[in-house]
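Here the structure is laid out as structure tokens; the discussion comes afterwards.
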Amino acid sequence: MKFVDEFRDPKMAKAVLEQIHAVIKEIPKAQQQPLQIMEVCGGHTHSIFRYGLEQLLPKEIELVHGPGCPVCVLPMGRVDDCVAIAEQPDVIFTTFGDAMRVPGSKKSLQQAKADGCDVRMVYSPMDALALAIANPDKRVVFFGLGFETTMPSTALTVKQAKVQGIDNFFLFCNHITIIPTIKAILDSPDMYIDGFLGPGHVSMVIGQKPYEFVSRHYDRPLVVSGFEPLDVLQSIHMLLLQIRDGEARIENQYKRIVPDGGNTQALQAVAEVFELREFFEWRGLGSIDHSGVQIREGYAAFDAEKQFTLPNLKIADPKSCQCGEVLKGVIKPWQCKVFGKQCTPETPLGALMVSTEGACSAYHSYGRIDAVNM
């Protein structure tokens, strides 16, 4: 297939759904309790809700929405650090748009901008570097966040800043890694996952090999999936075939984009600029060892954490907000006490309602809210 409409063809979707319904009947375990399939990436969650895939799947399958939205897992204390940097008088603070409205303990970056801080939305770290070049009297800080998908562009920008000798560009690094996160989910005592839809965009960078521990050590199948409706349905079918046959392998449904070995040049840039942190704090998931990266000593001159004094505090989420339970797949978005009431896309209490990849935002936009509130 060559065109996006082909990946949304209703007739083909119906054919794949018929195959899914047929296979699920051949899995004895699924007749006793629903199979738990987690889509790790928020992009998959968005597609599942947007196209109503959850309602089309047999009742023997329960989709669990994982923590694959980097904005959603940003702890409140790191937002407070962003605001503290932005409030410096000589700073231009730059960020991707979906991070503007993530609540801190006192305010978001959008509110800081309304209070007079120079906070600007950019589309890439190179935009931030261009601002630094155009404003030599200002300190320009880029809010780097995202999984391995966005790490290479940030790393290449930092490298470019060093080559050009730009001394007023800084990176506030909040990049996170997917593998320790999946391991933390598998080690969690309050959930059991039968199979994973692997993140397509992350896999485009890291390839398939890093996921092998999922099958080797935890005996679970994982299928790297694309993001169109037929991608998701085909990936679920591939998972079911493995579960039916008692197999646990890593498969790649998204071969048109994801090379088995990943992107070598991107991985080299990331390895040169970044190193693993000892641990990183995740919203709703707590501290996960080696789950984030920091700037290497050779690029320390661009590290905002070394150039600015930060509060660096752990801030608990509001008690009414259940983002943590949703992130771990313990509850569905609509089961949160404040979903669609105190917490909406216009007035978010939690990060899951802010990002377009957040499960709560996706469900609020495309879910059966009328049914939930009946």
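Odds and ends about this structure:
- Those residues of segment 48-102 which are out of contact with any helix residue (DSSP H, G or I) (no Cβ under 7 Å at 6 or more places or on another chain), buried (at least 20 other Cβ atoms within 10 Å of the Cβ) and assigned to a loop (DSSP other than H, G, I, E, B), in sequence order: PRO70, PRO75, PHE96
- Any hit, segment 117-127, residues being within 30 Å of VAL214 (Cβ to Cβ), of a type in the set (Ser, Thr, Tyr) and either at pLDDT 95 or above or crowded, with 16+ Cβ neighbours inside 10 Å (or both): no
- Yes/no for THR149 being of a type in the set (S, T, N, Q), touching a residue at least 40 places away in the same chain (Cβ under 8 Å), more than 14 Å from THR95 (Cα to Cα) and part of a loop (DSSP other than H, G, I, E, B): yes
- Filter result (more than 23 Å from the chain's Cα centre (by Cα) and charged (D, E, K, R)) within segment 34-66: LYS59, GLU60
- Residue match in segment 188-207 (condition: surrounded by fewer than 16 Cβ atoms within 10 Å (Cβ to Cβ), in contact with a helix residue (DSSP H, G or I) (Cβ under 8 Å, 6 or more places away or on another chain) and modelled with pLDDT of 95 or more): no
- Hits in segment 128-166 (condition: of a type outside the set (A, V, I, L, M, F, W, C), within 24 Å of GLN268 (Cα to Cα) and surrounded by fewer than 15 Cβ atoms within 10 Å (Cβ to Cβ)): GLN160, GLN164, GLY165
- Those residues of segment 8-33 which are surrounded by 12 or more Cβ atoms within 10 Å (Cβ to Cβ), under 29 Å from the mean Cα position of the chain (by Cα) and more than 20 Å from GLY52 (Cα to Cα), in sequence order: ALA30
The values are calculated or read from the model by the stated rules, or taken from the named source; none is laboratory data. Quantities reported herein were computed from a predicted structural model and do not represent experimental measurements. All Cβ positions, even for glycine, are placed from backbone atoms using ideal geometry, and neighbour counts span all protein chains on display.
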